[in-house]
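Structure record follows, encoded as structure tokens.
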Amino acid sequence: MAPGLVDPSRSAEAKDGIWALEQLTQYYDDTIRFYLNGTRVILNDVDPEITLLEYLRGIGLTGTKLGCAEGGCGACTVVVSHLNLTTKRLHHASVNACLAPLVSVDGKHVITVEGIGDVKNPHAVQQRIAVGNGSQCGFCTPGIVMSLYALLRNDPDPSPLAVEEAFDGNLCRCTGYRPILDAAQSFSSVTNGGKAHANGGTGGCCQNGSTTNGASSEVTNLPSPEFIPCRPDTELIFPPALRKHEFKPLTFGNKRKRWYRPVNLQQLLEIKSVYPAAKLIGGSTETQIEIKFKAAQYNPSVYVGDIPELREYSFTDDHLELGANVSLTDLEHICDDALERYGPMGGQPFTAIKKQLRYFAGRQIRNVASPAGNLATASPISDLNPVFVATNTVLVAKSMTQETEIPMGQFFKGYRATALPPDAVIAGLRIPAGQPGEFLRAYKQSKRKDDDIAIVNAALRVSLSESNVVTSANLVYGGMAIMTVSAKSAEQYIVGKKYTDPTTLEGVMNCLEKDFDLKFGVPGGMATYRKTLALSFFYRFYHDVLSNLEVKETDIDQDIIDEIERGISSGMKDHDVSVAYQQNILGKPAPHVSALKQCTGQAQYTDDIPTYRNELYGCMVLSTKAHGKIINVDVEAALNIPGIYEYVDHRDLPTPDANWWGAPNRDEAFFAVDKVTTAGQPIGMILASSARVAEAGSRAVKIEYEELPAVLTIEEAIEVDSYFNHFPFIKNGDIDIGFQEADHIITGVTRMGGQEHFYLETQACLAIPKPEDGEMEIWSSTQNPTETQAYIAQVTGVAANKIVSRVKRLGGGFGGKETRSIQLAAICATAAAKVRRPVRYMLNRDEDIATSGQRHPFLCKWKVGVNKEGKLLALDADVFANGGHTQDLSGAVAERSLTHMDGVYNIPNVHVRGRVCKTNTVSNTAFRGFGGPQGMFFAESFMSEIADHLDIPVEDLRMINMYKPGDSTHFRQELNDWHVPLMYKQVMEESTYMERRNAVSEYNKTHKWSKRGMAIIPTKFGISFTALFLNQAGALVHIYHDGSVLVAHGGTEMGQGLHTKMTMIAAEALQVPLSDVFISETATNIVANTSSTAASASSDLNGYAVYNACQQLNERLHPYREKMPNATMKELAHTAYFDRVNLSANGFYRTPDIGYVWGENKGQMYFYFTQGVTAAEVQIDTLTGDWTPLRADIKMDVGRSINPSIDYGQIEGAFIQGQGLFTTEESLWHRASGQIFTKGPGNYKIPGFRDIPQIFNVSLLKDVEWANLRTIQRSRGVGEPPLFMGSAVFFAIRDALKAARSQWGVEEVLQLQSPATPERIRVSCADPIVARSRVVPSEGEKSFFVAI
């Protein structure tokens, strides 16, 4: 149990302590004073429980967003300017407002995104990201803006590396990061010059547009408007009053929580002496997470961030005296100074510390976190603690009565337990400099390089005599036990041994096996991988030290020593791609219409809507069991909490039947009634005066269950025959004949994990009941307003015409808000109807992941027949999808996977069958690609394995079997405008693929522990809803007297640029400037009976509907244009109005020709196919499983692009999302509880800024005719198709693993599961280290985690 989880106020001793504390601090001040965006703020009455983010949003500064509440996504980033107690200089710190307690900003200047600019007068950072297409959904954008702003305030001329690393605490799910980095690099001193004209400089040699160091030249080619200058002299000044601010000791709070803020060490020690259990808080980077997600009660809390004595440091001849509360950012700079002072040998401890800090959390965390926080929390995976132990650092603890020195090797006593006396504080650290003959290195491996917790880390130190005999050693590991531990037997063994004797290495490896004899079911899982890392780290360390000794050069393999280091990323796009078909507006690149609003924080999302006076906040009561009967629900304790208003459940619905929902099958309950079938299933909802009180009420509801057996995985479902009643199949040709004619029959099993949507804006809803006729207005973050409307009508017992479902914009959707948003909206509406008051609810990240479903995990058992030339003859496959506990859209997802099982390959005889497994997990749902990526992944997997079996290059196998123009698919659709073979050839040539392939082969011959791999992957993705009735759209276009145009259509804007494209279509059709066309929102009372915004068809459907409406208006205006040939739209509209001409038009469109019949295998499945080809190159570290994408070259056929900037953004974003799907993003369930474990950015890893390809080139197909494409502008849908291109990285990793395995004589064909995590990469390498580290389960033993 974490410290503080037990309420200390229950004991008499604690009550005495509180009384003594109150007496001690009775003269403390109770007022917080700070500046906010240049304005002085004085708070006399402060809620002690709110964070800085809650305060900011509460006063209407909603530009700062809540994305995760754990400091892992950066959406809440603000800048806190203050006089740094360590450096004595002004520092502008990017900070996670979701974690920062309000007490921490006393005496400081808080700057939010609204404070630096607005749409009319944007800051250069805001404007450049906007016009550089660096904002799509925009929810993450304010945080990204503020991270870059902080960098520039501290360093107006940052290096390209500083720019690239400035965003390590920020995530974006839409853009693929490339355009953000391109815009950001325009500020760098090297790339496009802090002194270039764009930055207010004079230009000069290499300052106007030239690039160096491989940085992108993208920014020089951006379309106008050009970047505005960045002028440091116009920035918000640090308020002069704050330079004179007197930091007074503070105390404020209430019965639930009280804060104390001492301003010197003596005051802190006094507090600890009278109340030893008081919780000390510095950065609050772990404490706030425990408060938010574990309901920890830390009362009282003591903020220690403003105590100068704890923020100081000094150098002596042989050690660094470090104040324990120095920020980790300052510690990085101190390490630089230490290295300069002590030299390379003496500075080794500080090199090790800085190395660990580089990948320690994000910059926002490092700006406030401290060594003391690391030590006091005693995390077993802390990156710093092993270094402190290995360097024999001494911890200095102080209390009122004594000063205690504790060697770090004696500090950790157990899980989250230390030797720190209860009444003492960690005052400082004495870190020794390195000594002659001493060698120290630090290592870390995590799922993602930047901003990730360690799987295993280590700090390894040896001291050698002049004859290279080991005189002392510290081999210290994190992630291998319940605390930071030393490998005792290995340490004892190595002392006295001659380091250069090869038997020393083998002896230590043997001892490490014994020291870390992990069990298969070890908590945290990954037993084989963790043990392998422990040995691999020492193996690398041993050779690194050896390279510094006088040994034979042949004994040194630099390849073992070198770790993967990224260069500055870059990328190119072809901005002339649309020149041949550009019109006045259509075809020209232009930024997202809301980009500047998003970059300035003025764009409004659902939870940004101002609160209503009598509004209530909801919090669902969720099942904690995967399967069980509900015996009793006791809400009494919850209803007794002050601020709790009501409890809502199934009894508040108009009828029992109103509780059922789902598309297409109504098999899911809004509220569980008698039993639960998954953890995270809603049982009821608490309504309260605030979100925090509602959460407390939800936790107070007591539910009694009778547990039932749970089925979690596909394999378990197959074993017990648990399926939904859906049996799609496609049969073409005769597979029996195909297999008879085959020279080779190859079988395999391919598995692919799911994927969390991780839209930055979680599911959110505001339900507003009206006083008449049961009317209700619903603001929902949904892709499906019409279905939302229908189910709100159902749960409130009124007709649909009484319900208005509205959407302004979504902070990302990706399919996760197509159906799953309805659950939240209906529950909020039920509550609002009951209490007749507005109800607001934005899910916490963990709630969202637990309730909203994911991409379906898939498993495929396949058999392929092929002749000796490599020609595919037959495919027979059974495909299984994990649907979860209800069907949702799983049937359609399975169907689409079957239609994409051919990839781009002509297989004459095919029989593929799909089943949807019914399990006790969250109901899986739509996700960008909707089964298509799974089907194509199976195709490329069997192609790769067949090539290995036949020993032919997979690139050749693809060409042999690739469809040709006019061929038909296995569902008998002719391929028109078929350009995959052409693009395959172009990408091969433009990326110099074969030359690089040869270079990779040479690299792999000369590198034993580092391998590179390449792959070139094609795609075709069918565009249309497979449900025929959904392929329709409506639009309404108004022309007003002043010539302005208002467009409404059925699609929702979620970052994909749909509104941008629709305004362009309308402006082109009506011959008006783009600035005269506006889209306000999507609403069911404006355009009715809409289809969900999905299937990559929204531009096609809504675009033609808008065009249809505009054509009607053009017909009505035609006589006036003939009479007034040079008239403006204002003049035309004015004249037409007075002639009583209708200036509103209702447009409609339905997709022609389509209509496939399942089973009969006839009719046209898709309107067309969007196509693409991607080549990727990666490098893997076979000692650790670490990897990096070196390069990606993407070419997509999107027809005649409506807006190339929008399409490029969709391609880049989809590719990186696909890369995440196939590499870093692994969803895990806790086997014992059946609950999902990966509930937030702390343990679910989407790609970050430094995970994108180091060279990231994107182009669109041009100079071809699209003779058969009958879409608006002859464009193709682009939202989903590029996602599968991310698999090129996976197959490049597989290619590198082939080389690694071959080196050790393993020629067995590799069946690599997706995602290819560092764990899977490492344990697939088949080297002697992993072989000796492999952990085998004992009889009946199961893994700690399970992938479903």
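The values are calculated or read from the model by the stated rules, or taken from the named source; none is laboratory data. Quick caveat: nothing in here was measured; it's all calculated off a predicted structure. Don't worry about glycine lacking a Cβ; one is built from the backbone with ideal geometry, like all the others, and counts go over all protein chains shown. Surface areas here come from the heavy atoms of the whole protein model, side chains and all, with no ligands, DNA or RNA. Shrake-Rupley method; radii C 1.70, N 1.55, O 1.52, S 1.80 Å.
Which whole-Hz couplings ³J(HN,Hα) result when phi for each residue of the stretch 489-496 is put into the Karplus expression 6.51 cos²θ - 1.76 cosθ + 1.60, θ = phi - 60°, listed in order with x for Gly and Pro?
Using θ = phi - 60°, the values come out as 5, 5, 4, 5, 5, 6, 5, x Hz.
Using amide H atoms built 1.01 Å from N in the peptide plane, name the residues 5+ places from G347, or on other chains, whose amide H lies under 5 Å from its own.
G434
With a cut-off of 8 Å between alpha carbons and a minimum separation of six or more residues, what is the relative contact order of the stretch 962-1116 in percent?
In percent, rounded to a whole number, it is 21.
Going by average Cβ density within 10 Å per residue, which order do the peptides 1204-1212, 574-582 take, highest to lowest?
Output ranking for 1204-1212, 574-582: 1204-1212, 574-582.
Would you mind telling me the antiparallel percentage of the DSSP bridges in the chain, rounded to 5?
So the antiparallel bridges in the chain amount to around 80 percent.
Karplus couplings for the stretch 807-817 from phi (6.51 cos²θ - 1.76 cosθ + 1.60, θ = phi - 60°), rounded to Hz, Gly and Pro as x?
3J(HN,Hα) across the stretch 807-817, in whole Hz: 9, 7, 6, 10, x, x, x, 6, x, x, 10.
Farthest toward the dipole's positive end in the chain, which of A424, I42, V190, given Cβ charges of +1 (Lys, Arg) and -1 (Asp, Glu) about the Cα centre?
Checked the options; the winner is I42.
What is the stretch 326-478's relative contact order, in percent, from Cα pairs under 8 angstrom and six or more apart in sequence?
26 percent.
Would you mind pulling out the separation of the Cα centroids of the stretch 1130-1205 and the stretch 545-574, in Å?
Rounded to whole Å, the Cα centres lie 43 Å apart.
Report ³J(HN,Hα) in whole Hz for each residue of the stretch 1069-1076, in order, from the Karplus equation J = 6.51 cos²θ - 1.76 cosθ + 1.60 where θ = phi - 60°; Gly and Pro get x.
My calculation for the stretch 1069-1076 gives 5, 8, 6, 10, x, 4, 5, 8 Hz in order.
On the protein heavy atoms, probe 1.4 angstrom, tell me the percent of accessible surface of the stretch 964-1066 carried by carbon and sulfur.
That share works out to 57 percent.
Find the relative contact order for the stretch 872-925 and round it to a whole percent, using C-alpha pairs within less than 8 Å whose residues are 6+ positions apart.
Computed over the stretch 872-925, the figure is 60 percent.
If you place +1 on the Cβ of every Lys and Arg and -1 on the Cβ of every Asp and Glu, how big does the dipole about the Cα centre of the chain come out, in debye to the nearest 20?
Using Cβ point charges on Lys, Arg, Asp and Glu, the chain gives about 1580 debye.
Let me know the shape class of the stretch 1271-1348, please: from the alpha-carbon gyration tensor, a ≥ b ≥ c as square roots of the eigenvalues, rounded when a/c is under 1.5, otherwise prolate if a/b is greater than b/c, or oblate.
oblate
When Rg is the radius of gyration of the Cα atoms in the stretch 218-337 and Rh is its Kirkwood radius, what does Rg/Rh come to?
Ratio of gyration radius to Kirkwood radius: 1.14.
List the GluC sites (Glu not before Pro) in the stretch 669-731 that DSSP assigns to loop (not H, G, I, E or B) and whose Cβ has at most 14 other Cβ atoms within 10 Å. Which are they?
Passing both the DSSP loop test and the Cβ count: no residue.
Using a 10 Å cut-off on Cβ atoms, rank the peptides 1324-1333, 544-553, 282-291, 158-167 from the highest mean neighbour count down.
For the peptides 1324-1333, 544-553, 282-291, 158-167, the packing ranking is 282-291, 158-167, 1324-1333, 544-553.
Largest first, what is the accessible-area ranking of W1187, W660 with a 1.4 Å probe?
Sorted descending by solvent-accessible area, the residues read W660, W1187.
For W1304, what accessible surface area do you get with a 1.4 Å probe? Give it in Å², rounded to 10.
For W1304, solvent-accessible area is about 80 Å².
Excluding E646 itself, calculate the net charge of residues whose Cβ lies under 13 Å from the Cβ of E646, where each Lys or Arg counts +1 and each Asp or Glu counts -1.
+2
Counting only helical runs of four or more DSSP H residues, what would the 222 nm mean residue ellipticity of the chain come to if each run contributes -39,500 (n - 2.57) and the total is spread over all its residues?
-9000 deg cm²/dmol
Compute the accessible area per residue over the stretch 567-722, keeping the other protein chains in place, probe 1.4 Å, unit Å².
Accessible area per residue, the stretch 567-722: 45 Å².
Rounded to the nearest Å, what's the spacing between the alpha carbon centres of the stretch 761-803 and the stretch 62-141? Just the number, please.
Centre-to-centre distance over Cα atoms comes out at 34 Å.
What accessible surface, in Å², does a 1.4 Å probe find on S1338, ignoring ligands, DNA and RNA and rounding to the nearest 10?
70
Based on the alpha carbon coordinates of the stretch 1-145, what radius of gyration and maximum Cα-Cα distance (Dmax) apply, in Å?
Computed over the Cα atoms of the stretch 1-145, radius of gyration and Dmax are 18.8, 63 Å.
Starting at 0 and stepping by 20 Å, how many percent of the alpha carbon pairs of the chain end up in each bin?
Calculated P(r), rounded to whole percents: 10, 38, 39, 12, 1, 0.
Taking the Cα centre of the stretch 648-796 as origin, work out the dipole magnitude from +1 charges on Lys and Arg Cβ and -1 charges on Asp and Glu Cβ, in debye rounded to 20.
In debye, rounded to 20, the stretch 648-796 gives about 560.
Loop only by DSSP, 12 or fewer other Cβ within 10 Å of the Cβ. Give me the chymotrypsin sites (Phe, Trp or Tyr not before Pro) in the stretch 915-1016 that pass, ordered by residue number.
none
Report F1148's accessible area, 1.4 Å probe, all protein chains in place, as a number in Å² to the nearest 10.
Spelled out: F1148, probe radius 1.4 Å, area about 110 Å².
Highest first, please rank the peptides 1171-1181, 947-957 by the mean number of other Cβ atoms sitting within 10 Å of their residues.
By packing density, highest mean first, the sequence is 1171-1181, 947-957.
With the cut-off at 21 Å, report for the stretch 311-408 the share of all Cα pairs above it, as a whole percent.
Looking at the stretch 311-408, the distances longer than 21 Å represent 29 percent of pairs.
Taking every pair of Cα atoms in the stretch 1120-1190, average 1/r, invert it to obtain the Kirkwood radius, and report Rg/Rh to two decimals.
A ratio of 1.44.
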